[in-house]
């Protein structure tokens, strides 16, 4: 079987994702059930909650930057998140692209999702999202793992003053969908 059944009943082929395979409800539902840090946190905290937090960190840059932050892990709705060393070591065959590493497969999948949702992110948001994602990482490590990140061996920004707490999947899904609808309406005006 080369497809997965999604929350809304679609048959999605992650390695050949087509526009009719994708909807925001499936993305929000899948990300709300996927735990950050492989679920190795002190309380449950989903990728959807992480995405909402990242988007919130970008409010001063406008709705396009926030939408990019909200959607930055969109590929994880159709493919698990792999640690960076694994993303570059393992390869999968993507229809029309041949054998590519998992990192490239995820980029291809994200472009398919963007096309399906009618989103085109400008390149100027990339560095903003990356920084907000790292702030989220250090904040989550502090609040959800009791970790200072000092031994991680990389230069990370300080955590946010906002304290993160457990968010159950249904609430995370609602927050993700509400933020998505709000940002899309702002961009469509």
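Derivation of every value follows stated rules applied to the coordinates shown; laboratory data play no part. Note that the structure is predicted; figures quoted are calculated from it, not measured. Every residue, glycine among them, receives a Cβ derived from its backbone with ideal geometry; neighbour counts consider all protein chains shown.
At a glance:
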{"quantity": "Ranked by how many other beta carbons lie within 10 Å on average, peptides 121-129, 148-156, 61-69 from highest", "calculated": "61-69, 121-129, 148-156"}
{"quantity": "Relative contact order (%) - criterion: Cα under 8 Å, at least six apart; region: segment 4-188", "calculated": "29"}
{"quantity": "Efficiency of FRET between residue 95 and residue 145 - r from beta-carbon atoms, R0 41 angstrom, step 0.05", "calculated": "0.60"}
{"quantity": "Estimated 222 nm signal from helices in the chain, with DSSP H stretches of n ≥ 4 weighted -39500 (n - 2.57), rounded to 500", "calculated": "-15500 deg cm²/dmol"}
{"quantity": "Over segment 4-188, equivalent-ellipsoid semi-axes from the Cα gyration tensor in Å", "calculated": "25, 20, 17"}
{"quantity": "Separation of alpha-carbon centers, segment 40-67 and segment 128-179, rounded to whole Å", "calculated": "8"}
{"quantity": "Spin-label model distance (nm) - residue 39 vs residue 104, 7 Å beyond Cα toward Cβ", "calculated": "3.2"}
{"quantity": "Computed Rg/Rh of segment 3-89, alpha carbon atoms with Kirkwood Rh", "calculated": "0.99"}
{"quantity": "FRET efficiency estimate (nearest 0.05) - Cβ-Cβ, residue 152 to residue 2, R0 45 angstrom", "calculated": "0.75"}
